[in-house]
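One structure is given here, and the rest of the page talks about it.
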Amino acid sequence: MRAYVLPAEGASPVFADVAAPQPADDEVLLRVTASSVNPHDAMVANGGAARYMTYHYPVVLGSDFAGTIEALGAGVDDLAVGRRVFGLVRELVAGRGSFAELVAVPRTWVAPVPDGVDDAAAGALGLAALTALRCVEAVTPTAGDVVLVNGATGGVGSYAVQMLVAHGATVLATARPGEEEKHVRKNGATDVVDWSTADLAERVRSLHPAGVAAVIDLVNRDEDAFTALATRVLAPGGRVACTGHAADADRLPGVVATNVRAAVDQEALRTIAELAGTGQLHAPITATFPFDEIPLAFEALRAGAVGKLAIDRTAAPSTPPHEQRTT
């Protein structure tokens, strides 16, 4: 099958023909119809994820997927061949991935696509929606809470804003004026602060002098910077979630602090499916790339594109495929 792979350590990603996978026990084999790119995928592609993942070459890249079931492994009796499903590849081994014609994954990594949700939208849920869900769960929003989302323009931030709104929270989002601000307001943000022109904490306090109930931080990886922001903007008894693992509970007395890693399970996927199926969660796709133009999607990701960048396996390339094009 044709796939976008990292062929060896130190190499650049290429399109290549690799052996088609077969489903093991308790796995399903999917024909991939849609996907999207994530910063995590870029880390795997450039080798940066090797500090926390084991690479089995050739590494088929890609995490998110939507598609139809081609075959069932032994022990899978609650799904049928031809069923539309979505999900993600999520493990500490880089080897199988969704930038391919087929992918075999554990049953627990997939869920049925809700009626009314097309493959493009389902293929853009995956890792970003799961990470957003874990962040929102960590800060336990209630109706009327004001929550700061730092990094609201990306995929995770876009989903987090929508999920917070579904809980009845008021969202204060970081974004620059123009397209970024339009994007976060479209997702449901009430207030917007431009992080690029002034002190962020000062801007937040000017809008909410009593402080915010919670912070979801998708930007900071430095403990000092994160602690300073949380200390200055939180109301007493606040909650924080950080994907950069910069939250130190010992430095934030009285604050519930969570460093988020997006573990996947059936309950999480069902929650995401329900939100998407009921219209409370929409895929914030801002650009779509044919499969042969995955390298261009990575370039757009590096350039700071907002929302989600989708991959459509059914779309024809706009230019002839570049077999050796790298990310």
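Values quoted throughout were computed directly from the atomic coordinates according to the rules given, and no laboratory measurement underlies them. On a predicted model such as this, the values are computed, not experimentally measured, just so you know. Methodologically, a virtual Cβ is constructed for each residue, glycine included, from the backbone with ideal geometry; neighbour enumeration extends over all protein chains shown.
Some points to look at:
- Relative contact order for the chain, counting Cα pairs under 8 Å that sit 6 or more residues apart, in percent: 18 percent
- Relative contact order for the stretch 175-327, counting Cα pairs under 8 Å that sit 6 or more residues apart, in percent: 14 percent
- Ranked Thr68, Thr243, Thr278, criterion: other C-beta atoms within 10 Å, fewest first: Thr278, Thr68, Thr243
- Estimated FRET transfer efficiency when R0 is 45 angstrom, pair Ala19-Asp224 (beta carbons, to 0.05): 0.40
- Candidates Leu301, Leu281, Leu92, ranked by Gaussian network fluctuation over the chain, Cα under 10 Å, top entry: Leu92
- Mean-position separation - Cα centroids, the stretch 262-316 and the stretch 132-191, in angstrom: 17 Å
- Rough spin-label spacing in nm, given labels placed 7 Å along Cα→Cβ, for Thr231 and Ala80: 6.0 nm
- Spin-label pair Ser12-Asn46: with each label point 7 Å from Cα along the Cα-Cβ axis, the two points sit 1.4 nm from one another.
- Pairwise Cα inverse-distance average, inverted: Kirkwood Rh of the stretch 128-259 (Å): 14.1 Å
- Total formal charge among the other residues, if their Cβ is under 9 angstrom from that of Ile69, Lys/Arg +1 and Asp/Glu -1: +2
- Helices assigned as whole DSSP H runs in the chain whose Cα atoms extend at least 18 Å along their own long axis and whose mean Kyte-Doolittle hydropathy is -1.0 or higher are found at 126-139.
- Cα-centre dipole for the stretch 128-259 with unit charges at Cβ (Lys and Arg positive, Asp and Glu negative), debye to 20: 300 debye
- Antiparallel DSSP beta bridges within the chain, as percent of all bridges there, nearest 5: 55 percent
- Relative contact order (percent, whole number), the stretch 1-75, Cα cutoff 8 Å, 6+ residue spacing: 43 percent
- Relative intensity, log₁₀ I(q)/I(0), of the chain from a Debye sum that treats every alpha carbon as a point, q = 0.09, 0.11, 0.14 Å⁻¹: -0.46, -0.69, -1.07
- Listed from fewest to most Cβ neighbours within 10 Å, the set Asp194, Asp64 follows the order Asp194, Asp64.
- Neighbour counting of Cβ atoms within 10 Å sorts the residues Lys186, Lys308, fewest neighbours leading, into Lys186, Lys308.
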